Every structure is written in C-alpha cells, then in structure tokens.
Amino acid sequence: MRPSLSIVSVAAAAALALATAPAGAQIQVGDRPEFTFRDGLYGVPGATSLADFRGKPVLVDFWGTQ
Amino acid sequence: MPTAVKLQKEYGDAIQVIFVEVQGHSMDEVLPFALKRKWLGSGVAWTTERPFRVDLNGIPNYALISPDGEVVSWGYSNQDHKKVVELIEGFVKSKPQREDLPKPLVKVYKEFDKGEFAKAWKEADKVEAKYAEDAQVLRFLGDARREVRETVERRSQRISWLVENGYPLLAEAQWKDLVKVVKGADELVALVADVTARIDTDEFADMKKAARSLVKMEQALYESGGKDGEKLAKKLRKFAEDHAGTPLAARATQLADIAAKVGSVRA
C-alpha cells in the first residue's frame, strides 16, 4: 500500500526539522540553516535572513580582511 | 574573494553571495576595505555575523545553499571554485523541484514559482471549485495559498523596510513589480495595500527626489573605490545635514563614514 500524502508530508516535515541547523552551529551537507542577521546585510537593503534568498542559490563565503 | 564578486556580477539577481568576515573585524573596517577594492555595489551582501560554521580551519571557506535552503556543498573556496560554479550553473538553469505534489496543484505552483501570484491564486480557485469534496487536495491547496500569501507579505514587508530606511527608489521599483503580479487577486492586493498607501504620498515623492542625488554619490563612491574619499565624505555629510532627521541622512552618514576611512585601509 502506498503511504498517503499526509503521511509523506508529516514525514517530510519531521525530516526537515531534524535537518535544520541551529544558528552558529557547524553545518553539514543536507542541513537547512536558518539565520536572521541582527544588523541586516550591507549591500542588499531589506534582506535580514537566509530565508529572504529562498528561490536562489546562496554562496556564503567566510573570509578575513588580514 | 574577487572570484565570488565576479560570480555575483555575472549571475546578478539569480544568485546571492554573502561575505562573512570571520577575523573579528567590525563593519566599520570591513566596508572601507571592500570599497578600496571596488567590491561594494556589486550586489554582494556583507556581514560580520556568522550564520553557521563549517568544519575547516583555514579561510576563505564557503558553504553553498540550494534554492530550497539545503546545504549542498562546503569546503575551501579556492579549491572548490570550479565545483561551486558548476552547481550554481545547474541551479540557475533548472526549475524548482517539487516532490509529492498532488497533480491538481501542479498549475498552482507553476505560476507561483514564476512569481505570478495572482495567476497562482486563480488556479487555486479553480482547484478549489473542482475538488470541493476532496479533503486531501484541499489541505494541500491550503498550504499552497498560505505559501503565496506569506511570500507576498514578506515582499510587502521588505518594501516597507526600504521606505523606512531611505531606499525609496528601490522600494518603488519592487512595489511596482509586486503590484503587477498580485493584480486581479483581491486578497493579495489587500496585503499590499499598506505599503501602497505609504508610497502614494507627497512625502514619498520628496524622498525619491532627494534619493536620486544620494544614489549618484553612492555610485560615484563605489565606482571610484573611494578615491577622493575625503571629498566625497564632505559632500555626503552636507547631504546628511540638509536632510537631517530623515532615513536618507542616516544612509548618507554611513556612506560618509566609509568614504572617510578608505584612506587608512592598507593596499
């Protein structure tokens, strides 16, 4: 018997919750990081969170000025 | 760094690059540094707040997040550059994947994914009429409508933020785009009503006029890489004085601060 859509949807939601990485945590492939930037993002007025970019790929680059 | 800036310029609004400074410097140091290298104004986002960590010691390192919010790759930026470009290219070319979507909702999401919210809403109306007795379809339809509503609300809130923080030209452009795609769906039009009321005022028209000269100064600053920074800083401070107490003044002051500091940035 095929699982009903509601079961699939509940299972998907549970998987999503498990995969959600807490802010500042170390991430792995498959994680779904969520984060709100307290001071916003310079250069993209009005964007305050990773979720604001849903629908497009986001490249987060960690760098230093030294 | 320069390669990621180049990627942002090449793909424009189809991707988002976020640079996170992780060596403990403040934005007051980061922005003049980036200005001097002509990296500002490229569409890249700048921050010192680290949204998450990757299991690496050296920098630059990165994480690539897919359009639906999942981390698909992480590593050292220079080593993985080719891989990252290939992944981005794949995302930009592909359509959103929606698994387990009931067939009656395919057209709803097709319009939603194109950003055609009113059309998605009307498709939802058709599905609702046709499947009025099908609880399962109606439940999924409720989710779809919520997703459309939340997206319109989020975009509307972002436009309000732009108005409040001195970006009237950007606010108007985004508002026009949004109005176009909600037209014909009354419930969605209502979600934009507040921001429409804020844009349709004399005060907003005045702010737009002033913003045009600020934007010119901002572009000149970015294009010059802060050359003649002191001179530009002086002009920006004068602008801030002339528009004291407005959000435009706050923007001008921030730009003046960046311009003034660029001279002390090492080459």
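Brief remarks on what is shown
- Residue match in the range B:121-137 (condition: in contact (Cβ under 8 Å) with a residue 40 or more places away in the chain and farther than 21 Å from residue A:56 by Cβ): yes
- Residue match in the range B:123-131 (condition: more than 30 Å from residue B:62 (Cα to Cα), within 23 Å of the chain's Cα centre (by Cα) and in the same structural domain as residue B:182 (by TED's automatic domain parsing)): no
- Out of B:193, B:185, sole residue that is assigned by TED's automatic domain parsing to the domain that holds residue B:114 and exposed (fewer than 13 other Cβ atoms within 10 Å of the Cβ): B:193
- Against the conditions (1) touching a Ser or Thr at 6+ places or on another chain (Cβ under 9 Å); (2) within 12 Å of residue B:35 (Cβ to Cβ); (3) at pLDDT 95 or above, residue B:232 satisfies every one except (3).
- Near pairs, Cβ below 7 angstrom, 6+ apart or cross-chain, from the range B:243-267 (more than 18 Å from residue B:26 (Cα to Cα)) to any residue that is open to solvent by less than 70 Å² (accessible area, probe 1.4 Å) and aromatic (Phe, Trp, Tyr): B:252/B:239
- Within the range B:123-133, the set of residues being open to solvent by 60 Å² or more (accessible area, probe 1.4 Å) and either under 24 Å from residue B:97 (Cβ atoms) or among the hydroxyl-bearing types (Ser, Thr, Tyr) (or both) comprises B:126, B:131.
- For the residues B:101, B:105, the requirement of being outside any helix (DSSP H, G or I) and either closer than 20 Å to residue A:54 by Cβ or touching a residue at least 12 places away in the same chain (Cβ under 8 Å) (or both) singles out B:101.
- Condition check for residue B:186: more than 23 Å from the chain's Cα centre (by Cα), more than 30 Å from residue B:100 (Cβ to Cβ) and modelled with pLDDT under 95: no
- The range B:179-267 holds helices (runs of 4 or more DSSP H) entirely within its bounds, and those carrying 1 or more residues that are closer than 30 Å to residue B:154 by Cβ map to B:186-199, B:202-224, B:247-261.
The values are calculated or read from the model by the stated rules, or taken from the named source; none is laboratory data. Here the structure is a predicted model, which means the values were calculated and not measured. Reconstructed Cβ throughout: ideal geometry from the backbone, glycine too, with neighbour counts over all protein chains shown. To get the accessible areas, we keep the full protein, side chains included, count just its heavy atoms, and leave off ligands, DNA and RNA. Shrake-Rupley method; radii C 1.70, N 1.55, O 1.52, S 1.80 Å.
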